[in-house]
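Below are the structure tokens for one structure; questions will follow.
The values are calculated or read from the model by the stated rules, or taken from the named source; none is laboratory data. Predicted model, so just to flag it, every value in this text is computed and none were measured. Cβ coordinates were reconstructed from backbone atoms using ideal geometry, including for glycine residues, and neighbour counts include every protein chain displayed. Keep in mind that these areas ignore ligands, DNA and RNA; they rest on the heavy atoms of the full protein, side chains included. Shrake-Rupley method; radii C 1.70, N 1.55, O 1.52, S 1.80 Å.
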Amino acid sequence: TVIVGYPGEAEKRLENIFRSLDKEPRAVVFLDEAEWILCKRDDQTSSVMQRITPVLLAQLSRIFEEKIKPIIVIAATNKPQKIDPAFLRPGRFDSIFYVGLPDKNTRKEIIKLKLRGRSNQLNDEEITYLADKLEGYSGADIEYIIEESAFKAFERRNDKKEVSITRKDI
């Protein structure tokens with residue numbers, strides 16, 4: 001947790017996190033849901049975030065400039081439009097990869113993968129039908145749908161030991 005405490009503590013915590021990398025032979029820093037900490041300065045309503053952004057920008061620049069050790073900083077977001085452009089300048093995050101939504105064949109494979117090892121009554125034709133219906137859904141969305149479908153099937157079991165997931169469940 002970086003953003004807690006009194007004014008100035010969050011900045012010190014962030015600096016300490018990055019300075020602790022100096023002690024490591026190599027490191028990977030992963031910022032999940034990066035739009036939260038890398039948000040556009042115009043969108044920042046918190047004074048803490050307004051103070052953290054310059055510290056984070058400076059630390060990223062320092063890592064890039066020093067190049068003493070292999071340190072990789074990765075940020076993941078599903079809201080790239082909320083990232084401050086200053087973070088995307090050379091010397092901070094040099095490569096940007098867009099991972100789009102899965103196509104029909106990929107959705108089919110995700111469905112099959114998530115059904116593997118689970119009792120189900122879905123043939124290839126039904127999986128194709130579902131892949132069509134799930135257009136616009138992410139892999140995580142499809143995984144959640146299969147999980148919820150398994151719970152529906154489980155609730156339907158009554159006295160049976162095992163019940164299969166059906167297309168209706170999904």
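Can you compute the radius of gyration and Dmax for the range 30-114, using only the Cα atoms, both in Å?
Rg and Dmax of the range 30-114, Cα atoms, are 16.2, 47 Å.
Compute the distance in nm between two label points, each set 7 Å from the Cα along the Cα-to-Cβ direction, one at residue 126 and one at residue 98.
3.7 nm
Using a Förster distance of 25 Å, how high is the FRET efficiency between residue 50 and residue 141, based on the Cβ-Cβ distance and rounded to 0.05?
On the way: r = 34 Å, r/R0 = 1.35.
My answer for the efficiency is 0.15.
Around residue 140, what is the net charge, scoring Lys/Arg as +1 and Asp/Glu as -1 over all other residues with Cβ under 15 Å from its Cβ? Could you put the intermediate results ahead of the total?
Values: positive: 79, 107, 114; negative: 32, 33, 109, 141, 143, 147, 148.
With Lys, Arg at +1 and Asp, Glu at -1, the net is -4.
For a quick check: with amide H placed at 1.01 Å from N, whose amide H comes under 5 Å from residue 39's, ignoring anything fewer than 5 positions away on the same chain?
Under 5 Å from the amide H of residue 39 lie the amide H atoms of 84, each far enough along the sequence or on another chain.
Using the Cβ atoms and a cut-off under 15 Å, what net charge is assigned to the surroundings of residue 37, where Lys and Arg are +1 and Asp and Glu are -1? List each step's numbers first, then the result.
Numbers: positive: 13, 40, 41, 51, 79, 82, 92; negative: 11, 15, 32, 33, 35, 43, 84.
Net charge in that neighbourhood comes out at 0.
Any chance you could list P(r) for the range 129-170, counting all Cα-Cα pairs in 10 angstrom bins from zero, rounded to whole %?
29, 48, 19, 4
Now for a different question. Given R₀ = 41 Å, FRET efficiency for residue 24-residue 81 by Cβ-Cβ distance, to 0.05?
Plugging the Cβ-Cβ distance into 1/(1 + (r/R0)^6) gives 0.80.
In a Gaussian network model over the chain where Cα atoms closer than 10 Å are linked, find which of 35, 135, 125 has the largest mean-square fluctuation.
125
Additional query: Per 0.36 nm of contour for each residue apart, how much would the distance between residue 164 and residue 65 grow if the chain were fully extended, relative to their Cα-Cα spacing?
Working: separation 99, 0.36 × 99 = 35.64 nm, distance 5.68 nm.
Length gained, residue 164 through residue 65: 30.0 nm.
Tell me the net charge near residue 51. Cut-off is 12 Å between Cβ atoms, residue 51 excluded, with +1 for each Lys or Arg and -1 for each Asp or Glu.
On the way: positive: 12, 13, 41; negative: 9, 11, 15.
My count for the surroundings of residue 51 gives 0.
Same structure again: Can you list the residues, at least 5 places off or on another chain, whose amide H is less than 5 Å from the amide H of residue 74, using H built in the peptide plane?
Excluding prolines and chain starts, which carry no amide H, the hits are 29, 30, 31.
OK, next. Using just the C-alpha positions of the chain as equal point scatterers, what log10 of I(q)/I(0) does the Debye formula give at each q in 0.08 1/Å?
Computed log10 I(q)/I(0) values: -0.43.
Keeping all protein chains in place and using 1.4 angstrom, which order do 124, 32, 42, 169 fall into by accessible surface area, from largest down? Present the calculation step by step, with values, prior to reporting the outcome.
Working: 124 80, 32 100, 42 150, 169 15 Å².
Per-residue accessible area, sorted high to low, gives 42, 32, 124, 169.
Going by a ≥ b ≥ c, the root eigenvalues of the Cα gyration tensor, does the range 100-170 fall in the rounded group (a/c under 1.5), the prolate group (a/b larger than b/c) or the oblate group?
Numbers: a/c = 2.43, a/b = 1.96, b/c = 1.24.
Judged from the Cα gyration tensor, the range 100-170 comes out prolate (a/c at least 1.5, a/b above b/c).
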